[in-house]
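Undergrad: This is the structure I have questions about; it appears just below.
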Ligand SMILES: [Zn+2]
């Protein structure tokens with residue numbers, strides 16, 4: 001017969017004495033490091049592949065994006081004017097292997113962006129904010145610059161890479177996926193300052209080519225800077241940061257190239273009177 | 001700026017939930033362990049054994065089934081920690097204390113169910129199950145431990 005002597009266990013073998021905070025920190029930083037490495041490695045791969053993407057494939061990707069944009073106004077009277085400007089610039093100033101189409105979207109966002117497949121999306125809010133044809137030509141030239149440098153494909157590749165990582169790695173664990181997915185989102189469709197700078201150069205060159213001078217190139221940024229209360233609504237900003245640096249860079253390039261500043265060209269009457277919130 | 005606010009808000013809410021989960025969870029666990037240790041010492045006199053007793057127990061005046069169950073919920077911090085473990089593998093130490101607490105609490109409740117006049121609880125079995133799975137993601141919500149056995153009373157104790 002076994003004699004039973006009751007006693008409490010001296011230590012708890014079932015619970016590992018370990019700092020959970022430390023464990024969380026180690027695991028989380030490990031995960032973030034892996035995600036960052038994969039994101040940048042795949043980003044590099046995308047950069048290498050970008051020059052070989054055929055325009056036909058680009059068009060397919062672009063149409064997927066285009067279907068998600070609401071409020072496309074095909075009958076907007078300003079569209080033919082914009083289209084004519086872009087056609088003129090692609091013919092004489094900017095060398096692109098395909099035609100570029102301008103799409104006007106009826107939305108108050110002050111923004112424009114380059115979509116794969118040679119589409120420049122311009123929002124109504126931006127068209128109301130511009131005050132001269134030169135200013136508008138610069139913005140269009142800048143977007144054409146993104147096509148020339150294939151930035152629009154790079155942005156797309158990174159976006160796909162980011163999305164794939166968060167979905168594959170984190171599976172359906174929604175809490176973690178939400179958190180990491182949203183932190184990737186922040187950088188997803190944003191071009192680097194370097195890419196914006198290069199696109200600005202194409203923009204200013206096409207201004208010089210079209211008008212023989214470059215006045216109006218920095219108007220848009222200066223207008224935005226002055227009306228800071230309006231800034232939060234200016235979506236163009238969110239994707240185009242550090243505007244004062246860009247103004248300086250444009251000015252520096254202008255002086256180096258010896259580009260002059262002459263009289264501004266008025267906007268055609270279909271654009272109506274300029275938005276009162278913009279300055280100059 | 002505008003599109004950055006949404007994810008940023010999500011991140012802040014997430015961090016808030018994690019820290020609330022950590023501090024509230026740690027406090028609850030500490031208090032629970034204090035209670036468990038105190039009661040375990042108090043109920044130490046009654047043995048709960050897993051052995052089956054086939055031979056006759058002549059002095060026994062009564063025997064009945066007694067049981068105790070406890071449900072312990074995970075907190076947000078532990079959920080995140082376990083979520084990370086799912087990626088890297090290894091021991092899910094975050095859940096160990098939950099199971100331990102649930103098991104010990106269940107045994108204590110079983111003893112409390114049997115009452116102080118019990119001499120011994122035989123044939124004790126412990127079962128665990130996860131209940132209250134969260135709707136999104138299917139991760140564990142809380143765990144239940146159920147302890148049951150046969151309480152034996154001898155005539156002296158009535
Ligand atoms: Zn740009």
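The values are calculated or read from the model by the stated rules, or taken from the named source; none is laboratory data. This one's a predicted model, so the numbers in the text were calculated from it and none came from an experiment. Neighbour counts run over all protein chains shown; Cβ positions are idealised from the backbone, glycine included.
Undergrad: Return a yes/no flag: does region B:66-82 have any residue that is over 23 Å from residue B:28 (Cβ atoms) and away from chain A (no Cβ under 14 Å).
TA: There is at least one residue in region B:66-82 that is over 23 Å from residue B:28 (Cβ atoms) and away from chain A (no Cβ under 14 Å).
Undergrad: Looking at residue A:113, is it modelled with pLDDT of 90 or more and more than 16 Å from residue A:271 (Cα to Cα)?
TA: no
Undergrad: Separate question: Yes or no: residue A:96 more than 12 Å from the ligand (Cβ to nearest atom) and within 14 Å of chain B (Cβ to nearest Cβ)?
TA: no
Undergrad: Kindly indicate whether any position in region A:182-197 is more than 30 Å from residue A:29 (Cα to Cα), within 15 Å of the ligand (Cβ to nearest atom) and at pLDDT 70 or above.
TA: Checking region A:182-197: at least one residue is more than 30 Å from residue A:29 (Cα to Cα), within 15 Å of the ligand (Cβ to nearest atom) and at pLDDT 70 or above.
Undergrad: Scan region A:85-97 and report the pairs whose first residue is closer than 21 Å to residue A:268 by Cβ and whose second residue is modelled with pLDDT under 90, with Cβ atoms within less than 6 Å and a gap of 6+ or a chain change.
TA: Close Cβ pairs (under 6 Å, with a partner that is modelled with pLDDT under 90) amount to A:90/A:96.
Undergrad: Ok, one more. Being crowded, with 20+ Cβ neighbours inside 10 Å and away from the ligand (no atom under 16 Å from the Cβ) is the filter here; which residues of region A:106-117 pass it?
TA: Within region A:106-117, just A:117 meets the criteria.
Undergrad: Shifting gears a bit: For residue A:136, which of the numbered conditions (1) at pLDDT 90 or above; (2) over 30 Å from residue A:75 (Cβ atoms); (3) buried (at least 22 other Cβ atoms within 10 Å of the Cβ); (4) away from the ligand (no atom under 12 Å from the Cβ) fails to hold?
TA: Here residue A:136 meets the rest and fails (2).
Undergrad: Additional query: Out of region B:36-63, which residues are surrounded by 13 or more Cβ atoms within 10 Å (Cβ to Cβ) and either touching a strand residue (DSSP E or B) at 6+ places or on another chain (Cβ under 8 Å) or more than 14 Å from every other protein chain (Cβ to nearest Cβ) (or both)?
TA: B:46, B:47, B:48, B:49, B:53, B:57, B:60, B:61, B:62, B:63 - these are the residues of region B:36-63 that are surrounded by 13 or more Cβ atoms within 10 Å (Cβ to Cβ) and either touching a strand residue (DSSP E or B) at 6+ places or on another chain (Cβ under 8 Å) or more than 14 Å from every other protein chain (Cβ to nearest Cβ) (or both).
Undergrad: Also, quick follow-up: Can you name the residue in region B:83-96 that is more than 8 Å from every other protein chain (Cβ to nearest Cβ) and free of Cβ contacts under 8 Å to residues at least 40 places away in the same chain and, of all such residues, is farthest from the chain's Cα centre (by Cα)?
TA: First, pick out the residues of region B:83-96 that are more than 8 Å from every other protein chain (Cβ to nearest Cβ): B:89-90, B:92, B:95.
From what is left, the residues that are free of Cβ contacts under 8 Å to residues at least 40 places away in the same chain are B:89-90, B:92.
Working: B:89: 23, B:90: 22, B:92: 16 Å.
For region B:83-96, the residue satisfying everything is B:89.
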